[in-house]
Amino acid sequence: MWKFFLLVFLIPAWLQAQPIIALDGSDFTDAVVAPAETYNPETVWNYLNSDVDLYLEFGFTSLMVQNIIWDNEKVKVEVFRMGSPADAFGVFSLKILGCLHRDSVYAFSCNTRFQYQMAYGIFYFLISGEPATENLQQRFSSIAAALMMKNPQQILKIPEPFTLPALKQGYNNLAYIRGPVGLQNCMFPLQNLLTTVRFGMYITLITQPDNVIYFARIAFQTPDDLFRFLGYAGLMQGNVPIPNTSTNDGLYREYQQIDPLTIYFLQSQVAWPIRAIISEK
């Protein structure tokens, strides 16, 4: 298995532009593998009843759908091609908030009795089946492995500082959001700070006995977007940014510049500095 993941890391970027390779009868000789159906941003509305706006916001370009049928089990496979690995992770992260079984087989995966989801490079896998037999979970992981082999990708590397010790407890809450539809579908109460702001944001939730902390790494498209956000957050005095503030409704907010368009941002109920979050200890 480690050799496979080493190979994935070495895959040239141009492979990410290749079409989605469907499964066929040689992948599962004991099953009937139906022909694949494909959809693009114009035709996907004919297939999906919901969440189309969310997929489009994350750069959706195509969807491949297949059914695989064993004697007493039917599995539906949906593979969404998104705009980037971060976008695929973004869809995944918003779909599985609260998932109890994370990364049990592969990185960025979630499984339940009836469903398996995974972010893999620029792809978001949604694999579902019925009835919930003992074999179904094994079917899901076998299908995911076959798709990965046919569609090699580079694994997303989560940016700093989300692998640091203070942030590990919030790993299962980590999400990537880049627009208003994603904000409407998340549990993070920052919608009013990002109105009309163009951004890409990794964000997580950390709970303490007397505190709830929202910590984010936010990349803005332009300096105007950055300053608009700081203004909404109360982190501007006149035209000058300030490092932290306490709002009238009792929230503590702080930011730290990483580069001209990227910041760390913290919001908490009790004052808690960013330096305590990004400490190596």
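The values are calculated or read from the model by the stated rules, or taken from the named source; none is laboratory data. On a predicted model such as this, the values are computed, not experimentally measured, just so you know. Counting neighbours? That spans all protein chains shown, and the Cβs are built from the backbone with ideal geometry, glycine included.
Brief remarks follow.
- Considering the conditions (1) surrounded by fewer than 19 Cβ atoms within 10 Å (Cβ to Cβ); (2) among the polar types (S, T, N, Q); (3) within 22 Å of Tyr55 (Cα to Cα), Ser109 is excluded by exactly one of them, (1).
- Tallying residues that are buried (at least 22 other Cβ atoms within 10 Å of the Cβ) and either without any contact (Cβ under 8 Å) to a residue 40 or more places away in the chain or not assigned by TED's automatic domain parsing to the domain that holds Pro85 (or both) within the stretch 127-143 yields 0.
- Per the listing Gly234, Gly250, Gly238, the residue uniquely out of contact with any Gly (no Cβ under 7 Å at 6 or more places or on another chain), assigned by TED's automatic domain parsing to the domain that holds Asn211, at positive phi and surrounded by 14 or more Cβ atoms within 10 Å (Cβ to Cβ) is Gly234.
- Identity of the residue in the stretch 209-222, surrounded by fewer than 18 Cβ atoms within 10 Å (Cβ to Cβ) and in contact (Cβ under 8 Å) with a residue 24 or more places away in the chain, that ends up nearest to Tyr171 (Cα to Cα): Val212
- Hits in the stretch 232-275 - residues which are in a strand (DSSP E or B) and of a type in the set (Asp, Glu): Glu254, Asp259
Let's see how each residue does on (1) under 21 Å from Thr163 (Cβ atoms); (2) at pLDDT 95 or above:
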position	(1), (2)
Leu194	no, yes
Val197	no, yes
Gln208	yes, no
Asn239	no, no
Ile258	yes, yes
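- Meets criteria (over 12 Å from the mean Cα position of the chain (by Cα) and not assigned by TED's automatic domain parsing to the domain that holds Ala216) for Ser93: no
- From Val33, Val8, Val44, residue being at pLDDT below 95 and surrounded by 14 or more Cβ atoms within 10 Å (Cβ to Cβ): Val8
- Looking only at the stretch 50-103, and only at residues there that are assigned to a strand (DSSP E or B) and of a type in the set (S, T, N, Q), the one that is farthest from Ile127 (Cα to Cα): Ser62
- When the stretch 223-240 is filtered for residues that are among the aromatic types (Phe, Trp, Tyr) and either touching a residue at least 60 places away in the same chain (Cβ under 8 Å) or farther than 11 Å from Tyr255 by Cβ (or both), the ones remaining, listed by number, are Phe227, Tyr232.
- Being touching a residue at least 40 places away in the same chain (Cβ under 8 Å), part of a strand (DSSP E or B) and among the aromatic types (Phe, Trp, Tyr) holds for only one residue in Tyr124, Tyr106, Tyr116, and it is Tyr124.
- Qualifying residue in the stretch 191-198 (condition: under 15 Å from the mean Cα position of the chain (by Cα) and either part of a loop (DSSP other than H, G, I, E, B) or not polar (S, T, N, Q) (or both)): no
- All conditions but one from (1) touching a helix residue (DSSP H, G or I) at 6+ places or on another chain (Cβ under 6 Å); (2) more than 19 Å from Pro161 (Cβ to Cβ) apply to Gly250; the one that does not is (1).
- Among the residues of the stretch 166-175, at least one is surrounded by 15 or more Cβ atoms within 10 Å (Cβ to Cβ), outside any helix (DSSP H, G or I), in contact (Cβ under 8 Å) with a residue 60 or more places away in the chain and within 14 Å of the chain's Cα centre (by Cα).
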